[in-house]
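Structure, as structure tokens:
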Amino acid sequence: MNTVSDINILKGKKHIHFIGIGGSGMCPLAEILHSWGYELSGSDNNESDTLARIRALGIPVSMGQRAENIGDAEMVVYTAALLPDNPELVAAKASGVPTFERAKLFGAISRMYKNCIGVCGTHGKTTVTSMLTQILITANLDPSAVIGGKLPLINANGRVGKSENFVCEACEFVDTFLELSPAVAVILNIDEDHLDYFKTLDNLIHSFHKFADMATDAVIYNGDDQNTRTAMQGVGEKTKITFGFSKENNYYPENISDEHGAFYAFDVCRDGEKLGHLALEIPGEHNVLNALAAVAAAMHAGASFADCKKGIETFHGAGRRFEKLGTYQGISFADDYAHHPTEPRVTLEAAMEMGYRKVWAVFQPFTYSRTYMLMDEFAEVLKIPDYCVMTEIMGSRERNTYNVYTSQLAAKIPGSVWFNTFEEVADYVLAHAQNGDLVLTLGCGDIYKAAKIMIHRLQGK
């Protein structure tokens, strides 16, 4: 997908217009282009903290999308979620203004940095990208970054640095990560996902192979993961660094302990040498691997282990990644983006080890295809918590051609219940949850709104 012609899409452009500039993936790109001196404008449909950041830079933002908003723009950028009849997109194409989907611009920007570090994988991308960014900031390596969730250290999901380091979350969905030009590719794991697009696991593995092969400097990958090892077969000559639990990897842990419930501590070893001790502030054994990946990438970029230790031990998670929302009238709330069976499994297993009286999983299935194809896997995972409450499936970009419904999933989970609205979810949970319980909302849609409803009620709002 990467072509030489794509490299120069910004050449000769001055005024660039963003349709949906407030999106989490759009805002960081706009901030980077603004720092480079481009004249920007944008539009969006909803006010947000992100738009406030954009406006604070002096970038004009129009609410609502109208043809006249593009003004004299010489280039228009839009999100993949945009409908083809969007009036701004239609007007731009009618007038001959070049239009590019966000991934194309992301790729063009990645080629402006000598050390673009692309973090990919089915699970853990946002956490590792956040960890790595925090380490490089701690190490005064001044990275630019595009992150899939909000990093509390910068209170944003993007950052404009002045160095050649660019940390970016590289998503495999519809092969968008193949638009990037990484110097370093970090592959965390490969699991069956997005099969509505890839159709087979082999196709998915092949795309990760392409991404690894595109790296010009190094590939840092999970040596314990069979699918990742398969993807690495035939990857060309470049530095290859592995991480995992096995001592056969370059980076591996020793003396793992979980003295603080689900919060793990361990020694980090590299090629047989003990580098030092890490104590994680985020729960779950899977985060041992995430931390190792971040350490390996950071040290390859020039950070010391002391920098890694300071960065990771002050990292308390990214937005919507086991994000603690507070405790109200004795009931604790947290929110997690988990939407593939592997993700809620590790999240729920960690939650069950944290000493709560009971754990409530409030799950919103995301996309009909994923729910249909992985229903049995979801059912097994959602048996882990003490209670399971679900909403109807959020279809997002899909139509329900699969004829799949949450009721079918609920039938496979003894004791589970499901509701059509968040208000009904809140009614049920608050009627039954007790002091000492954890209510954990799960899903990459808008299930976090259910947690907000419950919290507001307990606050008397």
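The values are calculated or read from the model by the stated rules, or taken from the named source; none is laboratory data. If you're wondering where the values come from, they're calculated on a predicted model, not measured in any experiment. For neighbour counting, all protein chains shown are included, and Cβ atoms are generated from backbone atoms with ideal geometry for every residue, glycine included.
Does Gly443 count as in contact with a strand residue (DSSP E or B) (Cβ under 7 Å, 6 or more places away or on another chain) and either crowded, with 19+ Cβ neighbours inside 10 Å or more than 22 Å from Arg321 (Cβ to Cβ) (or both)? Before you say what the answer is, go through the steps one by one.
Working: in contact with a strand residue (DSSP E or B) (Cβ under 7 Å, 6 or more places away or on another chain): yes; either crowded, with 19+ Cβ neighbours inside 10 Å or more than 22 Å from Arg321 (Cβ to Cβ) (or both): yes.
For Gly443, the condition - in contact with a strand residue (DSSP E or B) (Cβ under 7 Å, 6 or more places away or on another chain) and either crowded, with 19+ Cβ neighbours inside 10 Å or more than 22 Å from Arg321 (Cβ to Cβ) (or both) - is met.
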Restricting to segment 38-55, what's the tally of residues that are surrounded by fewer than 17 Cβ atoms within 10 Å (Cβ to Cβ) and modelled with pLDDT under 95?
6
For the subset of segment 433-461 comprising residues that are of a type in the set (A, V, I, L, M) and assigned to a helix (DSSP H, G or I), which member is farthest from Tyr368 (Cα to Cα)?
Leu458
Output the residues belonging to segment 131-167 that are in a strand (DSSP E or B) and within 26 Å of His209 (Cβ to Cβ).
Ala145, Val146, Ile147, Gly148, Asn165, Phe166, Val167
Within segment 52-90, work out how many residues are more than 18 Å from Glu39 (Cβ to Cβ) and more than 28 Å from the chain's Cα centre (by Cα).
5
Got at least one residue in segment 310-322 being surrounded by 17 or more Cβ atoms within 10 Å (Cβ to Cβ) and more than 25 Å from Ile190 (Cβ to Cβ)?
yes
Just a yes or no: is a residue in segment 91-107 modelled with pLDDT of 95 or more, more than 24 Å from Ser43 (Cβ to Cβ), in contact with a helix residue (DSSP H, G or I) (Cβ under 7 Å, 6 or more places away or on another chain) and buried (at least 22 other Cβ atoms within 10 Å of the Cβ)?
no
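Restricting to segment 257-303, what's the tally of residues that are surrounded by 17 or more Cβ atoms within 10 Å (Cβ to Cβ) and small (Gly, Ala, Ser)? Steps first, please.
Filtering segment 257-303 down to residues surrounded by 17 or more Cβ atoms within 10 Å (Cβ to Cβ) leaves 258, 262-266, 268-270, 275, 278, 280, 282-301, 303.
When the remaining residues are screened for being small (Gly, Ala, Ser), the result is 262, 265, 284, 291, 293-294, 296-298, 301, 303.
Residues that pass the stated criteria total 11.
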Which numbered condition trips up Glu398, out of (1) touching a strand residue (DSSP E or B) at 6+ places or on another chain (Cβ under 6 Å); (2) in contact (Cβ under 8 Å) with a residue 60 or more places away in the chain; (3) closer than 23 Å to Leu83 by Cα?
(1)
Is it the case that segment 420-432 has a residue that's over 29 Å from Leu201 (Cβ atoms) and in a loop (DSSP other than H, G, I, E, B)?
yes
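Being among the charged types (D, E, K, R) and crowded, with 19+ Cβ neighbours inside 10 Å, is that true of even one residue in segment 382-400?
No, segment 382-400 contains no residue that is among the charged types (D, E, K, R) and crowded, with 19+ Cβ neighbours inside 10 Å.
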Tell me, please, whether a residue that is part of a loop (DSSP other than H, G, I, E, B), touching a residue at least 40 places away in the same chain (Cβ under 8 Å) and not assigned by TED's automatic domain parsing to the domain that holds Trp36 can be found in segment 195-212.
no
Within segment 186-197, the count of residues that are modelled with pLDDT under 80 and crowded, with 17+ Cβ neighbours inside 10 Å comes to 3
Yes or no: segment 110-130 includes at least one residue that is buried (at least 20 other Cβ atoms within 10 Å of the Cβ), part of a helix (DSSP H, G or I) and in contact with a Pro (Cβ under 8 Å, 6 or more places away or on another chain).
yes
Looking only at residues in segment 274-290 that are part of a loop (DSSP other than H, G, I, E, B) and more than 18 Å from the chain's Cα centre (by Cα), which one is nearest to Gly244 (Cα to Cα)?
Glu285
Condition test on Lys310, is it basic (Lys, Arg) and within 19 Å of the chain's Cα centre (by Cα)?
no
Inside segment 291-394, counting only helices (runs of 4 or more DSSP H) that do not spill past its ends, which hold 1 or more residues that are closer than 30 Å to Gln459 by Cα and not assigned by TED's automatic domain parsing to the domain that holds Thr200?
342-352
Just one of (1) in a loop (DSSP other than H, G, I, E, B); (2) among the polar types (S, T, N, Q); (3) under 22 Å from the mean Cα position of the chain (by Cα) trips up Asn249, so point out which.
(3)
State whether one or more residues within segment 138-150 are over 22 Å from Glu313 (Cα atoms), in contact with a Pro (Cβ under 6 Å, 6 or more places away or on another chain) and in contact (Cβ under 8 Å) with a residue 12 or more places away in the chain.
no
So which residues in segment 156-178 are closer than 14 Å to Ala108 by Cβ, surrounded by fewer than 21 Cβ atoms within 10 Å (Cβ to Cβ) and not polar (S, T, N, Q)?
Leu178
